[in-house]
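The values are calculated or read from the model by the stated rules, or taken from the named source; none is laboratory data. Here the structure is a predicted model, which means the values were calculated and not measured. Methodologically, a virtual Cβ is constructed for each residue, glycine included, from the backbone with ideal geometry; neighbour enumeration extends over all protein chains shown.
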Amino acid sequence: MIRLCAPHELADGQSRGFVIDQLNLLAVRRGGEVYAYLNRCPHRGIALEWRPDDFLDDSGSLIRCATHGALFLIESGECVAGPCEGQALQALECREDAHGIWITP
């Protein structure tokens, strides 16, 4: 297991990026749940954000690829609009306890 951050460091409706052991990752908290993915658009294999920790669309309800505008569901990583529609972000097993938010790469 790899610790991403302390629970209070990812507020509800917030996204954060991480680079750990050469893995480019992102995490989003929505409705009290944390979702983690590889930070890689399935369309071109590039990072999703256009500035640090900025992974969400203007409504805060979808993950957005800043390069192509593809939109992904936070809960599943499924692309619902854009050039990779029908594909999905690579989800990571994620859990949370009092000491941190943890992923299994």
Fill in the blank from the handout: Among residues of segment 47-85 being polar (S, T, N, Q) and under 19 Å from residue 24 (Cα atoms), the residue farthest from the chain's Cα centre (by Cα) is 67
Practice task
For residues that are farther than 27 Å from residue 3 by Cβ and touching a residue at least 12 places away in the same chain (Cβ under 8 Å), tally how many sit in segment 27-60.
Solution key: 3
Completion exercise
The correct count of residues that are surrounded by 12 or more Cβ atoms within 10 Å (Cβ to Cβ), of a type in the set (Val, Ile, Thr) and under 21 Å from residue 19 (Cα atoms) in segment 68-105 is 3
Exercise for the section: Inspect all residues belonging to segment 2-22 and state whether any of them is within 17 Å of residue 84 (Cβ to Cβ), among the aliphatic types (A, V, I, L, M), touching a residue at least 12 places away in the same chain (Cβ under 8 Å) and crowded, with 19+ Cβ neighbours inside 10 Å. Expected result: no
Fill in the blank from the handout: Taking segment 86-99 and keeping residues over 14 Å from residue 25 (Cα atoms) and in a loop (DSSP other than H, G, I, E, B) leaves 86, 87, 98, 99
Handout entry: Selection status of residue 17, in a strand (DSSP E or B) and modelled with pLDDT of 95 or more
Key = yes
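Residues are listed down the side, and each one gets a yes or a no for (1) part of a strand (DSSP E or B); (2) modelled with pLDDT of 95 or more; (3) out of contact with any Lys or Arg (no Cβ under 8 Å at 6 or more places or on another chain):
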residue: 26; (1), (2), (3): yes, yes, no
residue: 37; (1), (2), (3): yes, yes, yes
residue: 43; (1), (2), (3): no, no, yes
residue: 46; (1), (2), (3): no, no, no
residue: 76; (1), (2), (3): no, yes, yes
